[in-house]
1. Which of the residues spanning segment 203-223 are of a type in the set (A, V, I, L, M) and surrounded by 19 or more Cβ atoms within 10 Å (Cβ to Cβ)?
2. Name the one entry in 347, 325 that is in a loop (DSSP other than H, G, I, E, B) and crowded, with 16+ Cβ neighbours inside 10 Å.
3. The conditions are (1) under 28 Å from residue 342 (Cα atoms); (2) more than 20 Å from the chain's Cα centre (by Cα), and residue 106 fails exactly one of them. Which is it?
4. Checking residue 136 against (1) in a loop (DSSP other than H, G, I, E, B); (2) closer than 28 Å to residue 195 by Cβ; (3) not β-branched (Val, Ile, Thr): exactly one of these is not met. Which one?
5. Within segment 20-43, is even one residue touching a helix residue (DSSP H, G or I) at 6+ places or on another chain (Cβ under 8 Å), over 28 Å from residue 284 (Cα atoms) and among the hydroxyl-bearing types (Ser, Thr, Tyr)?
6. Can you pull out the residues in segment 35-84 that are exposed (fewer than 11 other Cβ atoms within 10 Å of the Cβ) and among the aliphatic types (A, V, I, L, M)?
7. Give the residues of segment 259-285 that are closer than 19 Å to residue 55 by Cα and surrounded by fewer than 16 Cβ atoms within 10 Å (Cβ to Cβ), sorted by residue number.
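The values are calculated or read from the model by the stated rules, or taken from the named source; none is laboratory data. Model, not experiment: these values are computed from the prediction. In this analysis, Cβ positions are derived from the backbone assuming ideal geometry, glycine residues included, and neighbour counts consider all displayed protein chains.
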Amino acid sequence: MPESDVIVIGAGAAGLMAAAELIEAGRSVTVLEARDRIGGRIWTRREPGVAVPIELGAEFIHGHAPITQSLLERAGTAVIEAAGTHFTLAHGSLEPRDALFPQIQQAIQRSDALERRDMSFDEFLDRHLASVLTPAQRQYARMMAEGFDAADTSRASARALAAEWTGDTIGTGPQARTAKRAPLEGLSSGPVIKLQLLFASAFWETLHDGRFRDAGFFHAPEAEFPTFWTAAPARAPLLVAWAGGPRAQRLAAGAAAGDIVHKALASLELLFGKELDIAAELRAWYYHDWQQDPFARGAYSYLTVGAHDARAALAQPLDDTLFFAGEATEEEGGTVAGALQSGTRAAHEVLAAGSLA
């Protein structure tokens, strides 16, 4: 191995960003990667005849994500706005449900319960928001926490989820520690199942006189796969089936990939009815088990109750020699943007330590 100023372990988003920052600062860097590819939990496949990429891992840019946008601009790569229209199955019919999440955000912002103490998201919903949110809204909030955050709502920190969903900063008080066991115990790696289904045609676009032609997301809260999304505004006969949190854990337990595909098709039948033979329309599927992936062991992290300082504690360097990055070390954990930010932060810590040596 060549001599280097810095060794970066892992060529995921955080490691690549750290290496780039260090190289720009004039340091020599060796990047070690156990996989036969770079990208970590970003994994893009191109399939002949499919108009859009097959994203087995990270896919969306959430929010403004300035660090991500800056990299895209430098690479000359365009961003496509995803279709934001949501349809949710209720009383046997798919109905628009675009206003649910803003209502949940408002209810969270108006509550002061989390100023007094942290609690599980389940307790927060059932004890403090039951009077302002309907059962359907609380069900949707749980589905969002499981799907978006890959969280077990009986263990996930309501304070952390509220901060993420509303931009609140309640309870953020990082403090340094020299052992990593305590912060690691405050973080949990959330399971996710993401399954790409390629059909002979985009059958949903023609159902009910084209009502769903521009739909972005379909939700079936009671289904094994509660969320599907389309490639819209791009036109492709591709649906992504998504499950997170305990539901994903149950789906994957002892199941072969083919069994998971059958469960996804059953969830689609629940959404669209059995008058169309959806299974006969299926042409291919693409799947990677991130839970069993030896270099991932899950999708991304979430905070458990009372662990609001765990990310900052995990990020603390050891002896100005070992530095930590990755989405689990960033306050905006769980996103590629968080991983990129952590890589920048760790690189600057390395540079600062080197300047003092």
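1. Listed by number, the residues that qualify are 215, 220, 223.
2. Within the list 347, 325, the selection yields 325.
3. Evaluating residue 106 over (1) under 28 Å from residue 342 (Cα atoms); (2) more than 20 Å from the chain's Cα centre (by Cα) leaves (1) as the failure.
4. Among (1) in a loop (DSSP other than H, G, I, E, B); (2) closer than 28 Å to residue 195 by Cβ; (3) not β-branched (Val, Ile, Thr), the lone unmet condition for residue 136 is (1).
5. no
6. 75, 78
7. Answer for segment 259-285, where residues must be closer than 19 Å to residue 55 by Cα and surrounded by fewer than 16 Cβ atoms within 10 Å (Cβ to Cβ): 283, 284.
Here is a yes/no grid of residues against (1) in contact with a His (Cβ under 9 Å, 6 or more places away or on another chain); (2) modelled with pLDDT of 95 or more; (3) more than 22 Å from residue 146 (Cβ to Cβ):
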| position | (1), (2), (3) |
| --- | --- |
| 254 | no, no, no |
| 277 | no, no, yes |
| 329 | no, yes, yes |
| 336 | yes, no, no |
| 345 | no, yes, yes |
| 352 | no, yes, yes |
